[in-house]
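The values are calculated or read from the model by the stated rules, or taken from the named source; none is laboratory data. Please read all numbers here as calculations on a predicted model, not as lab measurements. Cβ placement follows ideal geometry from the backbone for every residue including glycine, while neighbour counts extend to all protein chains displayed.
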Ligand SMILES: [Zn+2]
Ligand SMILES: [Zn+2]
């Protein structure tokens, strides 16, 4: 309880600091000029330029298709995903990469407001209706939070809640290697049995995470959710790598 209170106080202090002394725009380095820019942590020209592209998307992982139809090459060459569909918002390159690193490593909390709104928009691209959707955060690796100092996915969840979106953290991750250190084949086996669903799963779930690479983490989370009662599980990710 004390720990939670302390976390809450630390978060509030960070917020106040951020709003009293707004940082510069992490994309162009320009000064943030008004309360709306400070709220999103981005200057208006940069936030207007960060748009969800309307390219055709892979029906499986939600990445934009290049010259393929239906499924992207990566999904076609792999075993089918266990999740029922996904939407991935921005490429993990250039200014989009800067955006994530300012949020994740620079802990620019106002960017959470911007990213949560992007997630809300992306939810419209998936089959579940607004009244069916329950969002479940992809759980962090134990130890990762200690190292990073915060859980940036859980924080996005708190912002989504303020936008009226139900968020239901019901997954737990047991110790395992970081997916980032592994190749494709090992990513699949690394998480076997390492994701637990700690409460009965909602019927229709949309998992959310920051980056999708092979989709192995979403698959492992889907397995746990489906074993605990979920019928349909989708994924929404801020960035695709
Ligand atoms: Zn800017
Ligand atoms: Zn795909």
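Whenever a residue of region 27-38 is closer than 16 Å to residue 98 by Cα, its partners that are more than 16 Å from ligand 2 (Cβ to nearest atom) and part of a helix (DSSP H, G or I), lying with C-beta atoms within less than 7 angstrom and at least six residues away or across chains, give the pairs 27/46; 27/95; 27/98; 27/99; 28/46. For the criterion of being part of a loop (DSSP other than H, G, I, E, B), closer than 29 Å to residue 29 by Cα and away from ligand 1 (no atom under 15 Å from the Cβ), residue 84 fails. Keeping to region 195-211, report how many residues are in contact with a helix residue (DSSP H, G or I) (Cβ under 7 Å, 6 or more places away or on another chain) and crowded, with 19+ Cβ neighbours inside 10 Å. Counting residues in region 195-211 that are in contact with a helix residue (DSSP H, G or I) (Cβ under 7 Å, 6 or more places away or on another chain) and crowded, with 19+ Cβ neighbours inside 10 Å gives 8. A count restricted to region 160-204 and to residues that are part of a helix (DSSP H, G or I), at pLDDT 80 or above and within 19 Å of the chain's Cα centre (by Cα) stands at 3.
Is it the case that residue 225 is more than 17 Å from residue 166 (Cα to Cα) and in contact with a strand residue (DSSP E or B) (Cβ under 8 Å, 6 or more places away or on another chain)? Explain how you work it out, then say what you get.
Values: more than 17 Å from residue 166 (Cα to Cα): no; in contact with a strand residue (DSSP E or B) (Cβ under 8 Å, 6 or more places away or on another chain): yes.
Criteria not met by residue 225.
Out of curiosity, is residue 55 free of Cβ contacts under 8 Å to residues at least 12 places away in the same chain and over 19 Å from the mean Cα position of the chain (by Cα)? Yes; evaluated as a whole, the condition is true for this residue.
So, in region 89-99, exactly how many residues are touching a helix residue (DSSP H, G or I) at 6+ places or on another chain (Cβ under 9 Å) and surrounded by fewer than 20 Cβ atoms within 10 Å (Cβ to Cβ)? Spell out how you get there, then give the answer.
As a first pass, look at region 89-99 and keep what is touching a helix residue (DSSP H, G or I) at 6+ places or on another chain (Cβ under 9 Å): 89-92, 95, 99.
Next cut, surrounded by fewer than 20 Cβ atoms within 10 Å (Cβ to Cβ) only: 91-92, 95.
Of the residues in region 89-99, 3 are touching a helix residue (DSSP H, G or I) at 6+ places or on another chain (Cβ under 9 Å) and surrounded by fewer than 20 Cβ atoms within 10 Å (Cβ to Cβ).
When region 221-241 is filtered for residues that are buried (at least 20 other Cβ atoms within 10 Å of the Cβ) and touching a residue at least 60 places away in the same chain (Cβ under 8 Å), the ones remaining, listed by number, are 221, 222, 225, 233, 234, 235, 236, 237, 238, 239, 240. Checked against (1) within 16 Å of ligand 1 (Cβ to nearest atom); (2) over 17 Å from residue 238 (Cβ atoms); (3) modelled with pLDDT under 95, residue 43 passes all but a single condition, namely (3).
Checked against the criterion of being within 18 Å of the chain's Cα centre (by Cα) and either within 13 Å of ligand 2 (Cβ to nearest atom) or buried (at least 20 other Cβ atoms within 10 Å of the Cβ) (or both), region 65-75 has no qualifying residue.
Note on region 33-75: residues that are assigned to a loop (DSSP other than H, G, I, E, B) and more than 28 Å from residue 218 (Cβ to Cβ) total 3.
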